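The values are calculated or read from the model by the stated rules, or taken from the named source; none is laboratory data. What you see is a predicted model, and the numbers here were worked out from it, not measured in a lab. A quick note on method: Cβ atoms are made from the backbone with ideal geometry, for glycine too, and the neighbour counts reach across all protein chains shown.
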Amino acid sequence: MADISNIPVPDPTLLTTEALMREISHLKELTDRKFAQQTSVAEEVNLRNQQRFESQTKALDAAFLAQQTAVQAALQAAEKGVQTAMVASEKAVSKAEAAAEKRFDAIAEFRAAFNDLVTQQMPRKEAETRLNAMADKLDSRLLDMNAKVDELRSFSSKSFLVGGIALVVSTIAVFVTLISFLNLH
């Protein structure tokens, strides 16, 4: 064992140990205080972060709700627009169909009238034949009429001559009668 007699008084080991213990205690106190400060700061930071997180969550939820509402409103507006467009399209289609039906009716009526006209018309050859026959009849009647006019002209000039002679004879007869009447009186 060690000789205790060699240990100085006061014992430096004891003094060193006590000084170390005191320093350790003091360091522990400083560390505890620093740790408490750091914990306090960490808690404050944590609290601020928590508050910031909650406010950001609320803002995000509000933005999401606003976006959802906007999307819902846009979808409803688009649906109304599509419905309006569909109604307008259906009206336009029905109007176009009605107009096409009227047009087809008019075309059918025109075709029927044209077919009636075509069926009532005589063929060209037959028409030419009939027109030529009528022209021939007209020509022959014209020749007959010209002959009768010539006949009447010759008869007229003869009757003019006979009338003139009759007028001269009757004038002579009137003078003769008048002279004989005057001679008698």
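Structure notes:
- So Phe175, is it within 60 Å of the chain's Cα centre (by Cα) and surrounded by 10 or more Cβ atoms within 10 Å (Cβ to Cβ): no
- Being at pLDDT below 90, among the acidic types (Asp, Glu) and in a helix (DSSP H, G or I) is a property that does not hold for Glu43.
- Criterion: outside any helix (DSSP H, G or I) and surrounded by 10 or more Cβ atoms within 10 Å (Cβ to Cβ) - qualifying residue of Met122, Met86, Met145: Met122
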